[in-house]
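Just so it is clear, none of the values below were taken in a lab; they were calculated from the coordinates. From a predicted model like this one, the values you see are computed outputs, not experimental measurements. With ideal geometry, Cβ positions are generated from the backbone for all residues, glycine too; neighbour counts draw on all protein chains shown.
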Amino acid sequence: MSKKILIVLGHPDYSHSNANKALIQLLDEAANVTVHNISEAYPDGKIDVQKEQALLESYDRIIFQFPTYWFNVPGSFKVWIDQVLTYGWAYGPGATALAGKEYGVATTTGSPLEVYQPDAVGFTIDAVILPVVASLKYCGSTYLGHAVLHNAMAVTPESVAEAKDSYLKLFA
Ligand SMILES: Cc1cc2nc3c(=O)[nH]c(=O)nc-3n(C[C@H](O)[C@H](O)[C@H](O)COP(=O)(O)O)c2cc1C
């Protein structure tokens, strides 16, 4: 049976998104992928932690997708991470909810790839996604890799094409 895949979409305003939408549109509608838009699910910011945990438990693979904001995840997504990945459930003695699950990370950046170089801002995109990658690894999940769509303020067929293979690999 094919794996059940969940995208946890940490976009504060997906209705005005171009880049994250372009990535999600790459997915075959027939594919076994559910998009969970957390800002849409909780417009008032009050996260139902038990509901979120039950949702995560019911998927085999979780793709964390977000626009890069100040070389980090958007604040609303960080709040979700802080609240949902709880001690005793995600980590700590006997906590195995995320152990053995697969995960990947997809992000979009306004800046081009050239900015994400040691001689430009001093680090690569790996540093931006590190908090998500490390957190899930800490919870015992298996990292599949990441995808990045750069130049996200002006999405073009070329920029989407550059991100396409690595993005679709997360769902293969
Ligand atoms: C508050 C804020 C902070 C941002 N910080 C960065 C940044 O640090 N690096 C970068 O490359 N782009 C940055 N951007 C640009 C976003 O990454 C870009 O708008 C987003 O990826 C576009 O995706 P979307 O079309 O799905 O909204 C920032 C945008 C906003 C609104």
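Mind listing whichever residues of the stretch 40-50 are closer than 19 Å to Leu98 by Cβ and exposed (fewer than 12 other Cβ atoms within 10 Å of the Cβ)? Of everything in the stretch 40-50, just one residue is closer than 19 Å to Leu98 by Cβ and exposed (fewer than 12 other Cβ atoms within 10 Å of the Cβ), namely Gln50.
For residues that are over 12 Å from Leu23 (Cα atoms) and in contact with a strand residue (DSSP E or B) (Cβ under 8 Å, 6 or more places away or on another chain), scanning just the stretch 141-161, find the one that is nearest to the ligand (Cβ to nearest atom). Don't jump to the end; show me each part of the working.
We begin by selecting, within the stretch 141-161, every residue over 12 Å from Leu23 (Cα atoms); these are 141-146, 151, 153-154, 158.
Subset that is in contact with a strand residue (DSSP E or B) (Cβ under 8 Å, 6 or more places away or on another chain): 141-146.
Values: Ser141: 24, Thr142: 26, Tyr143: 22, Leu144: 21, Gly145: 19, His146: 14 Å.
Once the filter is applied, the top-ranked residue is His146.
Checked against the criterion of being among the small types (Gly, Ala, Ser), in a loop (DSSP other than H, G, I, E, B) and touching a Leu at 6+ places or on another chain (Cβ under 7 Å), the stretch 131-151 contains one or more residues that satisfy it.
Within the stretch 144-172, being out of contact with any helix residue (DSSP H, G or I) (no Cβ under 9 Å at 6 or more places or on another chain) and touching a residue at least 12 places away in the same chain (Cβ under 8 Å) holds for Ser166, Leu168, Lys169, Leu170, Phe171. Of all residues in the stretch 40-48, none satisfies being of a type outside the set (S, T, N, Q) and within 15 Å of the chain's Cα centre (by Cα).
Checked against (1) touching a strand residue (DSSP E or B) at 6+ places or on another chain (Cβ under 6 Å); (2) within 22 Å of Ser15 (Cα to Cα), Gly104 meets all criteria but (2). Restricting Val121, Val132, Val115 to residues that are surrounded by 13 or more Cβ atoms within 10 Å (Cβ to Cβ) and touching a strand residue (DSSP E or B) at 6+ places or on another chain (Cβ under 9 Å) narrows the list to Val132. Among helices (runs of 4 or more DSSP H) entirely within the stretch 2-105, having at least 1 residues that are within 16 Å of the ligand (Cβ to nearest atom) and closer than 24 Å to Ile125 by Cα singles out 19-24, 38-41, 75-84.
Note on the stretch 149-159: residues that are among the aliphatic types (A, V, I, L, M) and surrounded by 17 or more Cβ atoms within 10 Å (Cβ to Cβ) amount to 3.
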